[in-house]
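Here the structure comes first, spelled out in structure tokens, and everything after it is commentary.
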There are 2 protein chains.
Amino acid sequence: MSIAIIGGTGPQGRGLALRFAKKGFNVLIGSRDKSNAMKTSEELNTVLGANFGKITGHSNTEVAEKTVDFVIIAVPWSGHNKIISDLADVLRGKLIIDIVVPLAEGNPRKVDMPPEGSATESAQEILGHDTPVIGALHNVSASTLNKLDTKINCDVLVCGNNLEARTKVIDLLSKLDLNAYNAGDAEAARCIEAITPILIRINMSKKVPFSHAGIQIWPPEH
Amino acid sequence: MSIAIIGGTGPQGRGLALRFAKKGFNVLIGSRDKSNAMKTSEELNTVLGANFGKITGHSNTEVAEKTVDFVIIAVPWSGHNKIISDLADVLRGKLIIDIVVPLAEGNPRKVDMPPEGSATESAQEILGHDTPVIGALHNVSASTLNKLDTKINCDVLVCGNNLEARTKVIDLLSKLDLNAYNAGDAEAARCIEAITPILIRINMSKKVPFSHAGIQIWPPEH
């Protein structure tokens, strides 16, 4: 199985690349700057060692053009709509996982939602309804993702208008030992994306601020 | 300490009345139908037995007029704005805790948010900015609240525009052995209220559907 990550050199993208490659996936990380993606992929392969999936570095356009099972959008919110618009022709028909949270400029304890309602809904509108966009992984902290020996302390709420695609993403995430839940259609992203700044607020409120608060559904799945 | 619950005969109101009275609070439950509130309060006092706070039954107007430490709004969403408007004069200046979730008519797995953004923001707009409205307790299931011997399996995200009032509510909820978190201003209710239909969806998705899914912040406070 193969996964492309657009914006794969950021903290979220790096952590996901490591987690998926560790489970045997081939991961293609993309960046605006191809040489940066190539350097990052070398670093990550070194972290992992042999006997795992391969991580390779490319431009964002290159990874969007490849035939892969899933395309993850992990770019900063400020570039989200433009990058998706620019790549729309090559992304069409692929299964897109949008993990982006519209954090307010200068205040990560708040969201600043777009007129479409959420990042996931924006992406869905740009790509059109034949391309399934699934919102997921918004609430998992990058710091936890990058600590490969740590079990991820955050469940994942998965939403999107295409139920078959939602189910595929839930199955995919179970391979990372995550509890992933069907949270309904894309509109639920208005809630799910906005959980992240609440977790950031909790992180920042501690006497010793940390960066790894998560949410869990109770009772747990397993 | 005393707490008034407007809409106190519903499942949420009953459970909260029991939980607070068990901790020694005097609880005034209100209903459109005073005789129903009186009958409910008798039932609840019988469940509790002696040596706890007293639960008394009144009309919604009567409980809104009393001098109490907190007023909880626990009415169905369909009546939320009208009841608050009708009682606005007597509620003014009190500390209001709004627990109402705008579930979509006929589909509890979705929200149908009002133009103000959330129930908490609607209440705040109706009551004006001198009356602090705090959103809280949206995600705690009524069935769990009513099982008095069960520890509540759900953390509480607390939001509102008045920080002092938010802090008072967080302190209040800690008396129910709840982990309550400062989630920011009233706008955060757009997210927090919308978590409830996601939990309802999870409840309904089980082979044996249940009614008690909750969310927890990880790492736990205690």
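The values are calculated or read from the model by the stated rules, or taken from the named source; none is laboratory data. Predicted model, so just to flag it, every value in this text is computed and none were measured. Glycine also receives a Cβ, built like all others from the backbone with ideal geometry; neighbour counts cover every protein chain displayed. Areas reflect the complete protein model, heavy atoms only, side chains present, ligands, DNA and RNA absent. Shrake-Rupley method; radii C 1.70, N 1.55, O 1.52, S 1.80 Å.
Scanning the stretch B:184-194 for residues that are in contact (Cβ under 8 Å) with a residue 40 or more places away in the chain and within 7 Å of chain A (Cβ to nearest Cβ) gives B:Ala188, B:Arg190, B:Ala194. All of B:Pro132, B:Pro197 fail the test of being away from chain A (no Cβ under 14 Å) and at pLDDT 95 or above, apart from B:Pro132. Tell me which residues, restricted to the stretch A:171-193, are open to solvent by less than 40 Å² (accessible area, probe 1.4 Å) and either within 15 Å of A:Asn139 (Cβ to Cβ) or touching a Leu at 6+ places or on another chain (Cβ under 8 Å) (or both). Those that are open to solvent by less than 40 Å² (accessible area, probe 1.4 Å) and either within 15 Å of A:Asn139 (Cβ to Cβ) or touching a Leu at 6+ places or on another chain (Cβ under 8 Å) (or both): A:Leu173, A:Leu176, A:Leu178, A:Asn179, A:Ala180, A:Tyr181, A:Ala183, A:Ala188, A:Ala189, A:Cys191, A:Ile192, A:Glu193. For the stretch A:129-154, a tally of residues being in contact (Cβ under 8 Å) with a residue 40 or more places away in the chain and open to solvent by less than 50 Å² (accessible area, probe 1.4 Å) returns 17. Within the stretch B:167-178, identify whether any single residue is at the interface with chain A (Cβ under 7 Å from one of its Cβ atoms) and not in a loop (DSSP other than H, G, I, E, B), and answer yes or no. For the stretch B:167-178, residues at the interface with chain A (Cβ under 7 Å from one of its Cβ atoms) and not in a loop (DSSP other than H, G, I, E, B): absent. Quick check: is even one residue across the stretch B:130-150 out of contact with any Asp or Glu (no Cβ under 9 Å at 6 or more places or on another chain), acidic (Asp, Glu) and within 20 Å of B:Thr61 (Cβ to Cβ)? No, every residue in the stretch B:130-150 fails to be out of contact with any Asp or Glu (no Cβ under 9 Å at 6 or more places or on another chain), acidic (Asp, Glu) and within 20 Å of B:Thr61 (Cβ to Cβ). Inspect the stretch B:73-90 for any residue being under 18 Å from B:Ile3 (Cβ atoms) and surrounded by fewer than 17 Cβ atoms within 10 Å (Cβ to Cβ) and give the result as yes or no. Yes, the stretch B:73-90 contains at least one residue that is under 18 Å from B:Ile3 (Cβ atoms) and surrounded by fewer than 17 Cβ atoms within 10 Å (Cβ to Cβ).
Taken as a whole, the structure places A:Gly15 among residues that are in a helix (DSSP H, G or I), within 21 Å of A:Leu176 (Cβ to Cβ) and open to solvent by less than 10 Å² (accessible area, probe 1.4 Å).
Of the residues making up the stretch B:22-34, those that are surrounded by fewer than 23 Cβ atoms within 10 Å (Cβ to Cβ), more than 17 Å from B:Lys168 (Cα to Cα) and not polar (S, T, N, Q) number 5.
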